[in-house]
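Here is the structure we will look at.
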Amino acid sequence: MKNVLVVDDSPMIRRIAKKILEELNFKTFEAEDGQKALAAVNETMPDAILLDWNMPVMDGLEFLISLRQLPNGGSPKVLFCTTESDVKHITKAMQAGADEYIMKPFNKQIVKSKFEEVGLC
Amino acid sequence: MSQQAFSALQAFLLKSSGLSLDKEKKYLVEARLTPVIEQAGLSDLGELVIMIETDKALAKKVIEAMTVNETFFFRDRQPFEGFRSAILPELVKIRARQRKLRIWSAACSTGQEPYSLAMIIDEEARTMAGWTVDIIATDIAESVLKKAKDGVYTHFEAQRGLPAQHLVRYFAKRKDNWVINQNIRARVDFRQQNLMSDFSQLGQFDVIFCRNVLIYFAPDQKRDVLNRMAQRLAPDGFLVLGAAESVIGYSSEFKPHSDNRVILTRRAATSNHEAARGGASLEQARAAK
């Protein structure tokens, strides 16, 4: 079973994402900001990361840049999942090494489609 | 819902659109026709089936409500990968002299299928420089064709099946929606067409995408549509069906193309395809030019 780290400061979003991902047969673990996510990936490098952009302490983009510099940090598929939904943000995320981009609000069909896109569904 | 009204609706839909409605689909009738019944100020399906005998506009609304089906960009992936990696390389070789392709997206609904094909053609622009590629997209329902022509998709539609790279490359954001770029929109010619009617005026095609529509047709209609499509398809052209569809038992005009179950070719065309294949790829086609 593949591992997905859900990084979002909203407990509600984490709960919804966790439910959808578990229905899609993923195992999930959670972090509430970029810094806690970095600590989490140092323990266990996941197969994929569902990543919010705007979070306190360390935002999603800073986390992604730090992640990609870690040994094995290139391996997880990173899917942004954010309310930032313009071409500028999407382009910036992809240039920083994101594999896919989900704009909130999302549903199961979108999550499934994006995980298929990165080859994990 | 009375059995009599349901039977009358079944007969009407079969005759007018080829749609074969089985008894288990009563829930679908209720879900899709309740708004039509209410909007027309009628009380039930019994009244509706009487009214559509004489009211053409209402009959059209019923056909549209019952035939519109969901779609999304690059739906099922495999047919589009097949189009890019098998169909296009072969046709680039076979049509090297004419440098012209005609593609038909039959029952295109809100346009995601023909636009997905147009995006692939755009991505292959380097190989296909100087080629003319016509994409004709048809549907029975004018309401979906209007949306398709507008090329405006909701937040949810724009994310389903569409990779983020394609979204930023081929769409612009307008308020909460995403609008397909003019260069992709201009590649597709949308037309209203009932597959039960004569479609010979559409001309001859090199590729026909007809996915997830034949499953709704009765066996006789399937035979008829497939055999008329065979006449519209070039002898060395390709027919692409939906994942749950097959020609077996309905038409002997087609055979599977290599091991890809949903991509079919005309039976008579083996030699051209074999000559074109031989590990054909767009890279090789590029090198051959």
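The values are calculated or read from the model by the stated rules, or taken from the named source; none is laboratory data. It should be emphasised that the depicted structure is a prediction, and the values quoted were computed from it without experimental measurement. All Cβ positions, glycine included, derive from the backbone under ideal geometry; neighbour counts span all protein chains shown.
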Hits in the range B:111-141 (condition: modelled with pLDDT of 95 or more, under 12 Å from the mean Cα position of the chain (by Cα) and of a type outside the set (D, E, K, R)): B:111, B:112, B:114, B:115, B:116, B:117, B:135, B:136, B:137, B:138
Some residue of the range A:48-64 being closer than 30 Å to residue B:76 by Cβ, more than 14 Å from chain B (Cβ to nearest Cβ), among the β-branched types (Val, Ile, Thr) and touching a residue at least 40 places away in the same chain (Cβ under 8 Å): yes
Any hit, the range B:209-220, residues being assigned by TED's automatic domain parsing to the domain that holds residue B:89, closer than 18 Å to residue B:91 by Cβ, touching a residue at least 12 places away in the same chain (Cβ under 8 Å) and assigned to a strand (DSSP E or B): yes
Residue match in the range B:55-63 (condition: of a type in the set (A, V, I, L, M, F, W, C) and in contact with a His (Cβ under 9 Å, 6 or more places away or on another chain)): no
Residue in the range A:19-34 that is of a type in the set (S, T, N, Q), in contact with a helix residue (DSSP H, G or I) (Cβ under 6 Å, 6 or more places away or on another chain) and without any contact (Cβ under 8 Å) to a residue 40 or more places away in the chain present: yes
Number of positions in the range A:51-98 that are in contact with a strand residue (DSSP E or B) (Cβ under 6 Å, 6 or more places away or on another chain) and farther than 23 Å from residue B:169 by Cβ: 2
Of all residues making up the range A:1-10, the number that are out of contact with any strand residue (DSSP E or B) (no Cβ under 9 Å at 6 or more places or on another chain) and either free of Cβ contacts under 8 Å to residues at least 40 places away in the same chain or not in a loop (DSSP other than H, G, I, E, B) (or both): 0
The lone exception for residue B:74 - which of (1) on the phi > 0 side of the Ramachandran plot; (2) of a type outside the set (D, E, K, R); (3) more than 14 Å from chain A (Cβ to nearest Cβ) it fails: (3)
Residue match in the range B:228-245 (condition: polar (S, T, N, Q), surrounded by fewer than 22 Cβ atoms within 10 Å (Cβ to Cβ) and closer than 25 Å to residue B:21 by Cβ): no
Residues satisfying the stated conditions in the range B:26-45, i.e. within 17 Å of residue B:10 (Cβ to Cβ) and assigned to a helix (DSSP H, G or I): B:26, B:27, B:28, B:29, B:30, B:31, B:32, B:33, B:36, B:37, B:45
Which listed residue, of B:172, B:158, B:148, is aliphatic (A, V, I, L, M), buried (at least 18 other Cβ atoms within 10 Å of the Cβ) and over 17 Å from the mean Cα position of the chain (by Cα): B:158
Among (1) within 14 Å of chain B (Cβ to nearest Cβ); (2) polar (S, T, N, Q); (3) at positive phi - the single one residue A:72 does not satisfy: (1)
Options B:40, B:96, B:106, B:118: the member that is outside the structural domain of residue B:183 (by TED's automatic domain parsing) and not aromatic (Phe, Trp, Tyr): B:40
Condition met for residue A:100 (at pLDDT 95 or above, surrounded by 15 or more Cβ atoms within 10 Å (Cβ to Cβ), within 13 Å of another protein chain (Cβ to nearest Cβ) and out of contact with any His (no Cβ under 8 Å at 6 or more places or on another chain)): yes
Filtered residues of the range B:1-49 (kept if surrounded by fewer than 15 Cβ atoms within 10 Å (Cβ to Cβ), among the hydrophobic types (A, V, I, L, M, F, W, C) and touching a helix residue (DSSP H, G or I) at 6+ places or on another chain (Cβ under 8 Å)): B:1, B:28
